[in-house]
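The values are calculated or read from the model by the stated rules, or taken from the named source; none is laboratory data. Worth saying up front: this structure is predicted, and the values here are computed from it rather than measured. In this analysis, Cβ positions are derived from the backbone assuming ideal geometry, glycine residues included, and neighbour counts consider all displayed protein chains. Keep in mind that these areas ignore ligands, DNA and RNA; they rest on the heavy atoms of the full protein, side chains included. Shrake-Rupley method; radii C 1.70, N 1.55, O 1.52, S 1.80 Å.
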Amino acid sequence: MRFSFLTLLCGVIFFPSIFSTVLAEEPAPRPQYLGPTQVVTVPPDDASCYVLCQDARTGSVVNGEAQPTMTMLPGVSGAVIFRDAKLVATTFGGANGKVKLGVTLDDAGREIPVGHTPLSPVFSADGTTLFVPCRFSNDIAVIDVAKGEVIRRISTVREPIAAALTPDGKTLVVANHLPSGRADTFDISAAVTLVDTTTFEATHVRLLNGSTGLRDVAISPDGKYAYIPHILARYQMPTTQLERGWMNTNALSIFDIGAKKLLNTVLLDDVDRGAAVPWGVAVSADGKTVVVTHSGTHEASVIDIAGVLEKIAKIPQVAPPYDPNKPYDDRGNFSSPSQADIPNDLAFLVGLRTRVPLPVVGPRGVTIVGSKAYIAGYFSDSLAVIDLTANPLRRGVTEIALGPKPVIDQVRQGEIFFTDAALCFQNWQSCTSCHPDARTDGLNWDLMNDGLGNPKNNRSMLLAHVTAPSMWSGIRATAEDAVRSGIRHIQFAVRPDEDAQAIDAYLKTLTPEPSPRLVNGQLSEAAQRGQTIFEKEKCNICHPAPLYTDRAMHNVKTRAKLDRRDDFDTPTLVETWRTAPYLHDGRYATMRELFEDGLHGLNEKLSEQELSDLAEFVESL
C-alpha cells in the first residue's frame, strides 16, 4: 500500500506563569521546533497519515517525497478521521480544551468545549458519537456529533491519555497514565478503563503492581486484545543497583478485552540492556505484528505478537514440579515455570522480538500503513519508517524530514538528556522514567541519599531550582546538586557536567499547568472560601505566595515508623492538584484526606465544609 501523503498538524499551548515576580529577565528567543508526537492513519484505506506535533505553531501538508509547505493549524493535540474521511475531529488547548468538528482539517467547523487537555479523540462505530479523553479532568467527554455538544462525562482513574475502540464498536479501551491512591501500600498500579459504548458504563481494571507511565493503546484487529506499553517499576526494591531491571523494567501488557482482565505482561528489556521509556504502540492489519517505540533508547521493538500469545498459552497457570533435567524451553531459554513468572522473565521475548535502532531521537507515536511502520521522532522533527517485510536482523529503516534539521539549544538538549537512557548504565531508565513530563510517577522510592529502608514519595521537578533544598530530607542543598547526584547514584553513570547543566536549563523552563479546579481561570467560590481559611489558619507562613513554600525544614508531626527524622522540607503547593499522593511518604490519596486526618489539628478546628473548601483552594494553585 503506497504512503500517499502526510498531513502535519502542529500545536503548542502557552500557559500564563504566576512567577513573573521571580524571573529576573526575559529569556532570549529560542529556536522553533515541530516536536512530532503522534501519527494517525486516514480512513477508509489507511494509506495516509496525520502527524501531530506538540511544539510548533504551524502545520503542513506534505507529499512523502517533498518538503512541507507550512500553513497555520495551531494547538492541535489529537485528531481522528471517520471511516469515509468526511468527518474530522481535532482536539486542542489545555485548561480550556476544545474539540473542532469539521469535514476537512482546514475546515473551521464547530468548536466544542470539552475539558482540561483533551487527547486521543475516538468516533463511535456509526460516527454519531465522539469520545474525548480529557487528561487532567480525569474523565471522558461524550459528544453528540449531530448536536455538537457534550452529553455526558465518564469518570476514569487518573490522567486518561490514550483511547482506542474495538472493531465491533462496543468497547472503548482507555489507558490511564498514572496510578491512583496512596503510595505507602504494597500494590500500586495504573489502570485500564473499559467503556461500554451503549450504556456508557465504565469498568476499571488495574495492571500489575508497579505499572505506571502508560502512554498509548492499540487493539488487535479481531478485537480480542489491547496492547499497552508502560513502565513496570520495581519500586519496592532499594535503589542500590540497576542490573537485571532492579529499579525499572519496561513492559507490554496484553489485556483480554472480552474477559476484562490482564492476560499477562511481558518485559521489553534484555537481560543486560534496558528498553527505556516505552511510548507508542501499533498493531499490523493481520494482527501478527506489534510495534512499540522506546523514547529512551531511540529504537522500536518489532514483536511477533502471534508467537507471544502462543508462548503464553503454553505456559501453565500453576508451576509444575521443577525438572532439573529440563530447565530450558524449546528455544533454549530459561523457562517461566508459570504464567505468574512471565513479568519477571527478561528473556521471554528472545526469538520473538527484534530491537530496531532508529535514525530519529525520542521516538513517540507510531502507526502501521501497509507493510511499513511510521514513527514520530519528537526531537528530530522527522519520521522514521520501518519496512516490516525486511529481514528481521537487517530491518530497512529510512527517515522523512518534516522540516529543517532542528538547531538544538541548551534547553532542548537538556530535555533530550532528561529522556535519554544513554545517560544510564545499561539503558534501563531515564530521568523521565520516574518523572514523566518532569512531574511524578505516583510511587514511593527508597533512594540511598538518606539511608536504607525509609522510602519517600516521588516529587515533581516543577520549580525545583527555585525551591531549594531538594529531596524530602533536604539532603541536597540545591536542585543542581540533586541533578548531578541523580546521574551518578540513580543512573549509575559518570557524565560531563555540561549534561547536567543542560538538564538544569530545561527544568528551569517548566511552568505550571492551570488547575482543572479553576473556573474560567479564576478561583471557584469554594476555593475563595478556602483561601480565606488558608490565611486565617496561617498556612501562608510556611506556604507563602507565589512559590507557596518557605523553603525550610519543619517538624509537623508526620513522622512515620520507617522515618529517621522528624522534620521534612516544605513542599511547594503549586500544581498540587497534579502530584498526588501527598505527604513525604505518600500516605494520603487526596488533599482532603490529609486535612481531615489531623494535619496541624485542622480536623478539630474546621467543619467538614471548611476542610473541603481548604482542599479546593490548595488544589486550585
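Scanning segment 578-603 for residues that are assigned to a helix (DSSP H, G or I), of a type outside the set (S, T, N, Q) and surrounded by fewer than 21 Cβ atoms within 10 Å (Cβ to Cβ) yields 578, 592, 593, 596, 599, 600, 601, 602. When segment 492-519 is filtered for residues that are within 20 Å of the chain's Cα centre (by Cα), under 18 Å from residue 415 (Cα atoms) and polar (S, T, N, Q), the ones remaining, listed by number, are 509, 511.
Considering 126, 216, 196, the condition of being at pLDDT below 95 and open to solvent by 30 Å² or more (accessible area, probe 1.4 Å) is satisfied by 126 alone. The residue of segment 382-424 that is farthest from residue 276 (Cα to Cα), among those that are assigned to a helix (DSSP H, G or I) and of a type in the set (Lys, Arg), is 394. Can you confirm whether residue 559 is part of a loop (DSSP other than H, G, I, E, B), among the basic types (Lys, Arg), open to solvent by 30 Å² or more (accessible area, probe 1.4 Å) and over 18 Å from residue 600 (Cβ atoms)? So residue 559 does not fit the description; no. Scanning segment 444-482 for residues that are among the β-branched types (Val, Ile, Thr) and surrounded by 18 or more Cβ atoms within 10 Å (Cβ to Cβ) yields a total of 1. Restricting segment 107-123 to residues that are free of Cβ contacts under 8 Å to residues at least 60 places away in the same chain and among the small types (Gly, Ala, Ser), the residue that is least open to solvent (accessible area, probe 1.4 Å) is 120.
In segment 296-318, of all residues being part of a helix (DSSP H, G or I) and open to solvent by less than 20 Å² (accessible area, probe 1.4 Å), the one that is farthest from residue 266 (Cα to Cα) corresponds to 307. Tallying residues that are at pLDDT 95 or above and either open to solvent by 30 Å² or more (accessible area, probe 1.4 Å) or not in a loop (DSSP other than H, G, I, E, B) (or both) within segment 183-193 yields 3. Here residue 550 meets the list (1) in contact with a Leu (Cβ under 8 Å, 6 or more places away or on another chain); (2) part of a loop (DSSP other than H, G, I, E, B); (3) open to solvent by 20 Å² or more (accessible area, probe 1.4 Å) almost entirely, failing just condition (1). For segment 491-546, enumerate the residues that are within 30 Å of residue 247 (Cα to Cα), in contact (Cβ under 8 Å) with a residue 12 or more places away in the chain and among the charged types (D, E, K, R). Correct list: 495, 497, 499, 504, 508, 513.
Can you tell me which residues in segment 129-181 are small (Gly, Ala, Ser) and either open to solvent by less than 40 Å² (accessible area, probe 1.4 Å) or in a loop (DSSP other than H, G, I, E, B) (or both)? Answer for segment 129-181, where residues must be small (Gly, Ala, Ser) and either open to solvent by less than 40 Å² (accessible area, probe 1.4 Å) or in a loop (DSSP other than H, G, I, E, B) (or both): 137, 141, 146, 148, 162, 163, 164, 169, 175, 180, 181.
Pairs linking a residue in segment 267-281 that is closer than 20 Å to residue 254 by Cα and at pLDDT 95 or above to a residue that is polar (S, T, N, Q) and in a loop (DSSP other than H, G, I, E, B), with Cβ atoms under 6 Å and 6 or more positions apart or on different chains, are 275/297; 276/297; 276/429; 276/430; 277/295; 277/430; 279/295. Within segment 611-620, the only residue that satisfies the criterion of being open to solvent by 30 Å² or more (accessible area, probe 1.4 Å) and either of a type in the set (S, T, N, Q) or out of contact with any Gly (no Cβ under 8 Å at 6 or more places or on another chain) (or both) is 612. Being surrounded by fewer than 22 Cβ atoms within 10 Å (Cβ to Cβ) and free of Cβ contacts under 8 Å to residues at least 60 places away in the same chain is a description that applies to residue 263.
Does any residue of segment 604-621 turn out to be in a helix (DSSP H, G or I) and at pLDDT below 90? Yes, segment 604-621 contains a residue that is in a helix (DSSP H, G or I) and at pLDDT below 90.
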